[in-house]
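The values are calculated or read from the model by the stated rules, or taken from the named source; none is laboratory data. As the structure is a prediction and not an experimental result, all values here were calculated from the model. FYI the Cβ positions are ideal-geometry reconstructions off the backbone, even for glycines, and counts take in every protein chain you see.
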């Protein structure tokens, strides 16, 4: 087994050292990992040397290639704290012994069991909801979201997980504008259009009927401020409701692990 090394004094030494040793343990060259990850070799070298911190998207690729838990890479990189990750519901990995529960969840099985007050098991209502990559225009005008979008992927959850909202839907996150709120690229957000949204809540919004985005929202007179949870991004101030449609409040985040 290769000797564990370190990059003392570098700002991202811990994640760099971990990635280097995971790569070596799998018998991969730096070029092999860079090529498989879709990044150039010099960038990977800077990551392994502790000079650069990889983005959540690149960490997800590393996780898949190196067969190492995504959340552990995220924590080691310093993007999120361990406590924050533990508080975020995740879907188990395909190699996890609890995979059967996930397979039930996404296969449309409509019943689950909970323990009642007398110790007996009782059925808990479940139903399917659509999961989108991009929210289609006019989503909230549909009388029944699931039936109206029968051709898209479904996720089966309990009614309380969906806040008992018949129009709840899922959205797959694209980008890193909300990483400091624990929302990473590739996560699935459960969104409830019927749940009240207050200042500072995280919501899915549609800008100018085209762009779907996830941000913290703050209402101010006839405007709405869309605040990212990433210091690299600036907030947007838009006219409300002329330029922004609030599609729903984020009520649950699910993270799929390999």
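Side notes on the structure shown:
- Residues (surrounded by 17 or more Cβ atoms within 10 Å (Cβ to Cβ) and in contact with a helix residue (DSSP H, G or I) (Cβ under 8 Å, 6 or more places away or on another chain)) located in the range 190-236: 193, 202, 216, 229
- Neighbours by Cβ (under 9 Å, 6+ apart or cross-chain): first from the range 49-72, at positive phi; second buried (at least 18 other Cβ atoms within 10 Å of the Cβ) and in a loop (DSSP other than H, G, I, E, B): 50/12
- Exclusive hit being surrounded by 14 or more Cβ atoms within 10 Å (Cβ to Cβ) and free of Cβ contacts under 8 Å to residues at least 24 places away in the same chain, set 153, 161, 147: 153
- Those helices (runs of 4 or more DSSP H) of the range 1-101 in which at least 1 residues are modelled with pLDDT of 90 or more and more than 25 Å from residue 176 (Cα to Cα), considering only elements entirely within it, cover 13-25, 30-37.
- Members of the range 233-258 found to be touching a residue at least 24 places away in the same chain (Cβ under 8 Å) and outside any strand (DSSP E or B), listed by number: 233, 243, 257, 258
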